[in-house]
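Have a look at the structure below before the remarks.
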Amino acid sequence: MTTTASGTERAAEEAAVDREFADVREEIRNANFLGATILGASITGTGIAVPLLADRAHAVVTHQPFVVVALAGAGVLAIVAALWQLLNAVLPMVNDKASGRRANFITYARIDPACIPALIAASNRVDEIPTLSRIAKGKYRALGRAGRLLKAAIILLAAATILAITL
């Protein structure tokens, strides 16, 4: 009876670890999707705005009060910084240090294919969950910074627009 109970408990623990492992991997996928979506929208908006504004930029900048130009410039810098953070979130990490102790495609690309089943069998998801969680946490932090920067850019550009109209 003890063997069955501990076997059942062990199976339950392994199932729980598998669920956590899958959840963390899903968080990484979600962060990548969110970052790519926001990045795509930001680049699309920038791609539309830049050609429209480039032709008029010199005239607008030279005929606007300094505060308007400064706010608009700060808004543009915030957008650039946000895009940088989004790229940090979505670009893959393809070095051995980023993968920690976990065997993955980086490892598999360098070794004899006959060794792959042994690496998979030796993997320990309990050890992998913290590594993957740190990756997910870093991605979400970059997304948070990008979101705050984009909010700041919206406020700065809106203030510049309002001042340009009213001054």
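Restricting the first residue to region 122-144 and requiring it to be under 22 Å from ALA11 (Cα atoms), which pairs with a second residue that is surrounded by fewer than 14 Cβ atoms within 10 Å (Cβ to Cβ) and basic (Lys, Arg) meet a Cβ separation below 7 Å and a spacing of at least six or different chains?
ASP127/ARG101
Examine region 139-152 for a residue that is aromatic (Phe, Trp, Tyr), closer than 21 Å to ALA22 by Cα, assigned to a helix (DSSP H, G or I) and at pLDDT 80 or above, and state whether such a residue exists.
Our first condition is that a residue be aromatic (Phe, Trp, Tyr); within region 139-152, this holds for 140.
Narrowing further to those that are closer than 21 Å to ALA22 by Cα: 140.
Imposing the further condition that a residue be assigned to a helix (DSSP H, G or I) reduces the set to 140.
Now narrow it down to the ones that are at pLDDT 80 or above: 140.
Within region 139-152 (the criterion being aromatic (Phe, Trp, Tyr), closer than 21 Å to ALA22 by Cα, assigned to a helix (DSSP H, G or I) and at pLDDT 80 or above), the answer is yes, since at least one residue qualifies.
Failed condition for THR37, given (1) modelled with pLDDT of 85 or more; (2) more than 30 Å from ALA78 (Cβ to Cβ); (3) among the hydroxyl-bearing types (Ser, Thr, Tyr), with all others met?
(2)
The values are calculated or read from the model by the stated rules, or taken from the named source; none is laboratory data. Model, not experiment: these values are computed from the prediction. Cβ: placed from backbone, ideal geometry, glycine included. Neighbour counts: every protein chain shown.
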